[in-house]
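*Asks:* Let me begin by handing over the structure; questions about it come next.
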Amino acid sequence: MDALELAHRGDFREQVLAVLRTALIAGQANADQVAAFFSLHRRTLSRRLTACGTNFQSLVDEGRFEIARQMLENTDADIQAIAVMLEYADASAFARAFRRWSGTTPSRWRADCAK
């Protein structure tokens, strides 16, 4: 999907989130690269996200949670591998973030989905 195609679809927040999902999986989820994708300066990206009622870090967290849920539900990847893919320092940092997002641990989430 190129920037022009994204510009004609949905709101800006959703466009950034779509780009972020891909960037997270590729290990390239930083504001400068996402801003460059939209041919914007990083500060302009920040202002536009603020106008949408969000910020870059909130979208990164949302994208990480979405990818983590999908991986826990649909793969056998261990927690450490998911943490590394989502650019966490270690599995415990990932587990803390996941608990903050969902109220439960990644292991419990996976077990509940398997039922």
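*Asks:* State the three equivalent ellipsoid semi-axes of the stretch 45-89, derived from the C-alpha gyration tensor as the square roots of 5 times its eigenvalues, in descending order and whole Å.
*Replies:* 27, 11, 5
*Asks:* Which residues does a label at Ser102 reach in the stretch 46-79, if reach means a backbone N under 19 Å from a point 7 Å past the Cα toward the Cβ?
*Replies:* 59-79
*Asks:* What nm value, rounded to one decimal, do you get for the distance between Glu14 and Glu62 when each label is placed 7 Å out toward the C-beta?
*Replies:* Taking the simple label geometry, Glu14 and Glu62 are separated by 1.1 nm.
*Asks:* Could you work out the relative contact order of the chain, using alpha carbon pairs under 8 angstrom and six or more residues apart, expressed as a whole percent?
*Replies:* 21
*Asks:* Stick to the Cα atoms of the stretch 70-115, pair each with every other, and give me the Kirkwood hydrodynamic radius in Å at one decimal.
*Replies:* 10.5
*Asks:* While we're looking at this one, here's another question. At 222 nm, what value in deg cm²/dmol follows for the chain if DSSP H runs of at least 4 each add -39500 (n - 2.57) and the sum is divided by all its residues, to the nearest 500?
*Replies:* That calculation yields -22000 deg cm²/dmol at 222 nm.
*Asks:* So how do Ser46, Ser39 line up by other beta-carbon neighbours within 10 Å, fewest first?
*Replies:* So the residues, fewest neighbours to most, are Ser39, Ser46.
*Asks:* Would you kindly work out the equivalent ellipsoid of the chain from its C-alpha gyration tensor and give its semi-axes, the square roots of five times the eigenvalues, largest first in whole Å?
*Replies:* 28, 14, 13
None of the figures in this text is laboratory data; all of them are computed from the coordinates on show. Since the model is a prediction, treat every value here as computed from it, not as a measurement. Note that we place each Cβ from the backbone using ideal geometry, even for glycine, and neighbour counts take in every protein chain shown.
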